[in-house]
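Below: the structure, in structure tokens.
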Amino acid sequence: MEQQPHILLLPFPAQGHIKPLLSLAELLCHAGLHVTFLNTDHNHHCLTHLQPLSAHFPTLHFDSISDGLPTDHPRNIQFMRDILFSVKSVTKLRFRDLLADLSTKSERPVTCVIADSIMSFAIDIAKELGVRVMTFWALSPCSLWSFLCFPKLIEEGQLPVGDDDMDRMVRGVPGMEDLLRRRDLPGLYRLKLDDPFFISIIEDIMAMTRTSALIFNTFDNLEDPTISHIASLFSRIYTIGPLTTLLTSRIEHDVSRSLSSFNNLCEADRSCMTWLDSQSLRSVVYVSFGSTGLMTRGQLLEFWHGMVNSGKPFLWVVRRDGIEGAEGEHPIPEELQEGTKERGFLVDWAPQEEVLAHQAVGGFLTHNGWNSTLEGIVSGVPMVCWPTIADHQINSRLVSEVWRIGLDMKDTCDRSTIEMMIRAVMEERREEMMKSMDRIVKLAHDCVDQGGSSYHNLDKLIEDIKQV
Ligand code: UDP
């Protein structure tokens, strides 16, 4: 009997990883394929509002698996290590049993696994069970290239990156010799080389080359030289981003807009949209450090002063778990109360893509998570970058020095720099940045339109998946 394609998608259990993979799941289902999206039990529970997705995509099924942590574990960025190690021990074992069942006993056996690169245990398990496996890199291609160059960086004596001479140029990442300073390497390189977290991620990256294809949430022309370097190590690469924009292009605009709001672990506070409606054109700075941004109370105050002193209206996502060592509310300091009341609007979680697309938004103070960076690009909103971990440091370098659509304040956090950079992006240097931005925005939208490279590459990926 002919086997029908059935894809199992396995995200790493974090917002920035789930969202793009869920968009991919929707795109595959839209093409008529059967997809099982495997969340951890905890995230499955947070995403209880996913029912409408199943109603819209009858071939999309959700399943869940334990992350191995106790029910009352906070599972936020401050405990990323717990999540990583637990997933790689407990979830790994359960995944083997689950895939064994789904690929043999089920009515429609799984024929292909697309696993987040950080879930590399799925690669060997799938191979062992005779199921095809592809890998999805949820971060930026430039960060992956810098990780793939890890042996070369060691050989060149570039690692670990300490606090000394952070402005020294980095040798060992071909194509980026004149671009990267030590401080621009992904945050992971700031860890000790024998740190189990570091070792674990590097092992994941090395495992990726054992898969039959690599999928990127990026678009052609954005990082072409980097993609060419990576392509020499993989048999097949699919660049199909920006995924949420491709979703909009393939599915009726209004439907995809409402669907993308389902791809979040937190419920958005939509009151900010009404507030934005009352603001003037391109006047507002949107401030968000994603789901992983973490700052001290001191840094929070510097940002607060900087924002209020800039004189610009601001919409700020202040996550409760985003302030180190603090719990619950963050009282507004007395000297900032007036300015915040006059010009600020604070929320726990915003409908970010809608916010960035709103005509009142003129600037984006961001941590440069890869999804946020792409979302800033497709909406044409220039950025002030405050990178902290993961790929943020290298992304912000490209934003400021290659694409020239923002300013990078990495490794600083003082109110005067924040104020100065906000003013530059909103006024003094806006025209020059918008020229570069307009070009990149057009590239992004052309790629997802019919005939564009991301549109075409998704078709190729679907054909590839169908070759059972
Ligand atoms: N996001 C959101 N509302 C918020 C903050 C973030 O919808 O208030 C979404 C944002 O649109 C992005 C994702 O959360 O798609 C964050 O992913 P990213 O890769 O930017 O950063 P991470 O959270 O992984 O650090």
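Throughout, read-outs are computed from the coordinates displayed, never taken from laboratory work. If you're wondering where the values come from, they're calculated on a predicted model, not measured in any experiment. Ideal geometry is used to build each Cβ from the backbone, glycine not excepted, and the neighbour counts take in all protein chains shown.
Packing order of peptides 192-205, 304-317, highest average first: 304-317, 192-205 (average count of other Cβ atoms within 10 Å over each peptide's residues).
Listed by chain and number, the lysines whose alpha-carbon sits under 24 Å from that of LYS442, ignoring those within fewer than 8 places in the same chain, are LYS19, LYS460. Computed on region 260-393, with alpha-carbon pairs under 8 angstrom and 6+ residues apart, the relative contact order is 32 percent.
Need one number: the % of Cα-Cα pairs in region 166-217 sitting beyond the 13 Å mark.
68 percent
Ranked by the mean number of other Cβ atoms within 10 Å of their residues, highest first, the peptides 130-136, 365-371, 229-235 come out as 365-371, 130-136, 229-235. Over the C-alpha atoms of the chain, the Rg to Rh ratio, Rh being the Kirkwood estimate, stands at 0.95.
Normalising the Debye intensity of region 273-366 to I(0), with uniform scatterers on Cα atoms only, and taking log10 at q = 0.11 Å⁻¹ returns -0.29.
Using just the helices of the chain, give the 222 nm mean residue ellipticity in deg cm²/dmol: DSSP H runs with n ≥ 4 each add -39,500 (n - 2.57), and the total is spread over all residues, rounded to 500.
One gets -12000 deg cm²/dmol as the mean residue ellipticity at 222 nm.
I'd like the distance between the alpha-carbon centres of region 177-248 and region 263-315, rounded to an integer number of Å. Measuring centre to centre over Cα atoms gives 29 Å.
For the chain, the relative contact order is 16 percent, taking Cα pairs closer than 8 Å that sit 6 or more residues apart in sequence and dividing their mean separation by the residue count. Rounded, prolate or oblate: pick one for region 96-158, where a ≥ b ≥ c are the square roots of the eigenvalues of its C-alpha gyration tensor, a/c under 1.5 means rounded, and failing that, prolate if a/b is larger than b/c, else oblate. Prolate is the answer for region 96-158, as a/c is 1.5 or above and a/b outweighs b/c. Overall size of region 144-185 from C-alpha positions, given as principal axis extents largest first: 23, 18, 16 Å. When only Cα pairs below 8 angstrom with a gap of at least 6 residues are kept, region 32-166 shows a relative contact order of 15 percent. Per the Debye calculation on region 304-424 with a single equal scatterer at every Cα and no solvent contribution, log₁₀ I(q)/I(0) for q = 0.09, 0.14, 0.15, 0.18 Å⁻¹ amounts to -0.24, -0.61, -0.71, -1.05. Counting pairwise Cα distances across region 1-94, what percent come out greater than 16 angstrom? The share of Cα pairs beyond 16 Å in region 1-94 comes to 56 percent.
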